[in-house]
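Data first, discussion second: the structure below is written as structure tokens.
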Amino acid sequence: MIDFIWLALFISGVATAMVTGRMQMVSSAILKGAESGVDLCIGLIGAISLWMGVMHIAERAGAVAWLAQKLKPVARRLFPSVPPDHPAMGAILANMSANLLGIGNAATPLGLKAMEELQKLNSHPDTASDAMCTLLALNTASITLIPTTVIALRMQYHSAHPSAVVLTTFVASLIGTCAALAFDRFFRALSHRRQVR
């Protein structure tokens, strides 16, 4: 659906430029935007490589496994329908740990693996289970202790203190996660109430 929205915006913009005689401005903006995108990506390579390397070392040193162990009691409360010894719980814990440490590249495949395992527990395969919805809410909000990408972007644009956003990012992501879980519980209760009726 979002693809069609972007396509409609692009076509309407080009059509408006053609009607108003501003096609040259559109061409110039497209080329300038592409150039800026390439410059930004090349500039981010070094900073993101550094942070991904640090996070990879932390992962290899056992930080992700240690954090997953500490998150077990929280995960059991958030996912009561998932048996503690099921592979889905292991994937959920690994996903939550990777997100906390800002390892987004590792968190995505772990989240997909968790969804795949949760689907095996789903009694209605054509509908997302409560656990799947909770995992999606957690992944969308995702409490982050170390916002590696934001720090890398701030370094790219020569911020005097690139890591100054760590505390504010943590607080914002904590509030976002609490809100996501609250809405998850609210809509779950609403859905169960409708099913009972």
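The values are calculated or read from the model by the stated rules, or taken from the named source; none is laboratory data. Here the structure is a predicted model, which is why all the values come from computation and not from measurement. A quick note on method: Cβ atoms are made from the backbone with ideal geometry, for glycine too, and the neighbour counts reach across all protein chains shown.
Points worth noting:
Matching residues to (1) of a type in the set (A, V, I, L, M); (2) loosely packed, with under 15 Cβ neighbours inside 10 Å; (3) out of contact with any Pro (no Cβ under 9 Å at 6 or more places or on another chain):
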residue: I5; (1), (2), (3): yes, yes, yes
residue: S27; (1), (2), (3): no, yes, yes
residue: E35; (1), (2), (3): no, yes, yes
residue: I42; (1), (2), (3): yes, yes, yes
residue: A94; (1), (2), (3): yes, no, yes
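- Only one of the numbered conditions (1) modelled with pLDDT of 90 or more; (2) under 21 Å from I151 (Cβ atoms) is not met by I103, and that is (1).
- If you go through the range 124-177 and pick out every residue that is of a type in the set (D, E) and either surrounded by 19 or more Cβ atoms within 10 Å (Cβ to Cβ) or within 19 Å of G43 (Cβ to Cβ) (or both), you end up with 1.
- I57 vs. criteria β-branched (V, I, T) and either in contact (Cβ under 8 Å) with a residue 12 or more places away in the chain or crowded, with 21+ Cβ neighbours inside 10 Å (or both): no
- The range 60-89, subset at pLDDT 85 or above and among the small types (G, A, S), residue surrounded by the fewest Cβ atoms within 10 Å (Cβ to Cβ): S81
- Residue in the range 61-69 that is free of Cβ contacts under 8 Å to residues at least 40 places away in the same chain, within 21 Å of T144 (Cβ to Cβ) and among the aromatic types (F, W, Y) present: yes
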